Amino acid sequence: MIFRRVMYFILLYAALTYSVLYRTYDGFIILVFFAVVSVISLVMLVLCRLTVRCEFERDVVYVERAREYTLKYRLKNRMPFPVTRADILFDDLKKPQAFTVGAANSAILTRKDTKKHCGCYTTRISRICLYDCFGIFRFKIKNPGVVKVVALPRLFDVDTKEYIDSMLEAEAELDKNAPKGSEVSEIREYRDGDSLKNIHHKLSSRMSRLMVKEYVADGGNDDGFLFLETDNAAPDMRDRMLELMYNMMYMRVKAKGKTTGYIPADGAAVSFTMDSKEMLDEYFGHMLEVYENGDGGQCDIPAGTFVFAAVLSDRLYNMGSVVLYLPDSEYSQDAQPDVDVIYVSAGGGRHE
């Protein structure tokens, strides 16, 4: 940019000098031509800068982690002349992306990216620069906006039940979840609509498919789901636990029509009721954002909640009547929480 400006003024000075020394109008005509064209180009650039608008296709984008996604930006030019040179620079990139915008037209800018781990991210445009046709003058559009990207757990929609079965590994039956005053009438294979609390984990592990206990007097619906964040959790293990919780809640929505999720808050957990995948995505996005901001404080956990965690912390030992899901790598004979624990496969086979 500086080099172009220097060369431009050197050219004007040379044309003026030539005209004066040789007393000819040729140099003067060249001087007037370049000066007028440059001024016209600058005026066009100023008008474009005042009217051009940058819009996002979506302010919030929900994507599955580790899967490529595309962000789209639209730059609108309302003037009857084109923007012949422009570039866009993102905060996390060093090299700008060049583009042009036609007269009274729009330019669609795309960016492809992936997010390895679950979480809330932001994609910010550092600047957009518009240049005149000679590339001498430039105007910046600083910080035109931010797009929030929510990297959700992966959904195994085709074989959700098989995936859940491959991940679950119980060390004890959930006898406390049986309704009071009821008896087991039979044990059968899982069917859509069955309560997750009634899963017979030992038998399911032995038979490699989900088995449930059916009671003479069944006690009602499942309670909500809750993920507890821990600072020292490995990102990969955290993703696995979030994916198990996400798939279980999705299966619950398909079977029962709705499910309940909790988000920790100071004092009491806030509940959300979901009846579609879109609402489930919004719930996870809100939950991940709360944890990203460090706002998930201590709270009272409702009885019967399915609690998921990637690391066995002191907070998980005395939580009342809940069902705790932990990675099997956290299993220890010396450290057993005083709650019903279901150990989840960490990917290296089942715990013996």
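The values are calculated or read from the model by the stated rules, or taken from the named source; none is laboratory data. Computed from a predicted model, the values in this text were never measured in an experiment. Virtual Cβ from ideal backbone geometry, glycine too; neighbours counted across all protein chains shown. Note: accessible area is taken over every heavy atom of the protein model, side chains too, but ligands, DNA and RNA are not part of it. Shrake-Rupley method; radii C 1.70, N 1.55, O 1.52, S 1.80 Å.
On the beta carbon distance between VAL60 and ALA104, with R0 = 45 Å, the FRET formula returns roughly 0.90. Size check on the stretch 233-333: the Cα extents along the three principal axes, sorted descending, read 39, 29, 27 Å. In this simple spin-label model, placing a label point 7 Å from the Cα along the Cα-to-Cβ direction at both GLN333 and LYS112 gives a separation of 5.3 nm.
Considering only LEU210, LEU228, LEU12, the Gaussian network model of the chain with Cα springs below 10 Å gives its largest mean-square fluctuation to LEU12. Mind listing the long-range amide H neighbours of GLU229? Cut-off is under 5 Å, sequence gap 5 or more, other chains count too, H placed in the peptide plane at 1.01 Å from N. Here nothing satisfies the definition. Relative contact order, whole percent, for the chain stands at 13, derived from Cα pairs under 8 Å and 6 or more residues apart. Label sites at ASP300 and PHE3, each approximated as a point 7 angstrom past Cα along Cα to Cβ, lie 7.0 nm apart.
What order do TYR25, TYR73, TYR317, TYR262 take when sorted by accessible area (1.4 Å probe), most exposed first? Mind showing how you got there, number by number?
Details: TYR25 170, TYR73 5, TYR317 60, TYR262 35 Å².
Ranking TYR25, TYR73, TYR317, TYR262 by accessible area, largest first, yields TYR25, TYR317, TYR262, TYR73.
Once the convex hull of all Cα atoms in the chain is built, its volume per residue stands at 166 Å³. Taken per residue, the accessible surface of the stretch 55-157 reaches 53 Å², heavy atoms only and a 1.4 Å probe.
With all protein chains in place and a 1.4 Å probe, the accessible surface of the chain carries 51 percent carbon and sulfur. Of the residues ASP281, ASP334, ASP59, which exhibits the maximal mean-square fluctuation in a Gaussian network model of the chain defined by a 10 Å Cα contact cut-off? In the Gaussian network model the winner is ASP334.
Quick check on the stretch 48-124: take the gyration tensor over C-alpha atoms, sort the square-rooted eigenvalues as a ≥ b ≥ c, and tell me if it's rounded (a/c under 1.5), prolate or oblate. Prolate shape, in that a/c is at least 1.5 and a/b is the bigger ratio. Per residue of the chain, the DSSP helices (runs of n ≥ 4 H) give a summed -39500 (n - 2.57) that works out to -9500 deg cm²/dmol at 222 nm. Ligands, DNA and RNA aside, CYS299 has an accessible area near 20 Å² when probed at 1.4 Å.
Put one equal scatterer on each alpha carbon of the stretch 233-277, apply the Debye formula with no solvent term, and list log10 I(q)/I(0) at q = 0.17, 0.31, 0.34 1/Å to two decimals. The Debye formula, applied to the Cα set alone, gives -0.59, -0.98, -1.04.
Rounded to the nearest 0.05, what FRET efficiency do VAL39 and ARG78 have when you use their Cβ-Cβ distance and R0 = 30 Å?
Details: r = 22 Å, r/R0 = 0.72.
For VAL39 and ARG78, the calculated efficiency is 0.90.
Past the 24 Å Cα-Cα mark, which pairs from LYS116/LYS142; LYS76/LYS140; LYS95/LYS148? Listed pairs above 24 Å: LYS116/LYS142.
Tell me the volume per residue, in Å³, of the convex hull enclosing the alpha carbons of the stretch 1-131. Working shown, then result.
Numbers: hull volume 14.5 nm³, N = 131.
Normalising the Cα hull of the stretch 1-131 by residue number yields 111 Å³.
Of the trypsin sites (Lys or Arg not before Pro) found in the stretch 86-142, those in coil by DSSP whose Cβ has at most 14 other Cβ atoms within 10 Å are LYS94, LYS116. Using bins of 5 Å that start at zero, the share of Cα-Cα pairs per bin across the stretch 84-154 amounts to 3, 13, 22, 22, 16, 10, 7, 4, 2, 1, in whole %.
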